[in-house]
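The values are calculated or read from the model by the stated rules, or taken from the named source; none is laboratory data. Small disclaimer: the values here were computed from a predicted structure and weren't measured. All accessible areas refer to the heavy atoms of the entire protein, side chains included, with ligands and DNA or RNA removed. Shrake-Rupley method; radii C 1.70, N 1.55, O 1.52, S 1.80 Å.
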Amino acid sequence: FITTEPWGFESSNKFLNAVILCETEKTPRKVLQLTQQIERDMGRKQKSLSGGYRDRPIDIDILLYDDLTVDESDLKIPHPLMYQRDFVMIPLREIRS
């Protein structure tokens, strides 16, 4: 886990960040549906739009999925901003090494 200041907006809250590696037989689309349901179940009301970030109880991103590339309006793999975010890249390097 890494605790950081918010990225892309100002807030007095800090963020707890983590990266996990898992195996699944589910498609990337199904993983997206399931993670968005988890977000809703945990109280997230809406997704950030057009870089309009704000405090939220949880945010689950799909960073990578094997060696697939997905470029759809609501699903981009690899995650297009992950390389700009140390709070993503540091734990990702730890679990991939």
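Here are the numbers for this structure:
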{"item": "Among 67, 86, 41, residue whose mean-square fluctuation peaks in a GNM of the chain (springs only between Cα atoms under 10 Å)", "result": "67"}
{"item": "Probe 1.4 Å, protein heavy atoms only - accessible area per residue of the chain in square angstrom", "result": "75 Å²"}
{"item": "Exposure rank, largest accessible area first [20, 62; 1.4 Å]", "result": "20, 62"}
{"item": "The chain, accessible surface, carbon-and-sulfur percent (1.4 angstrom probe)", "result": "51 percent"}
{"item": "The chain - percent relative contact order, Cα under 8 Å, separation 6 or more", "result": "29 percent"}
{"item": "Listed residues 42, 82 arranged by accessible area, highest first, probe 1.4 Å", "result": "42, 82"}
{"item": "If the convex hull is drawn through the Cα atoms of the chain, its volume per residue in Å³", "result": "112 Å³"}
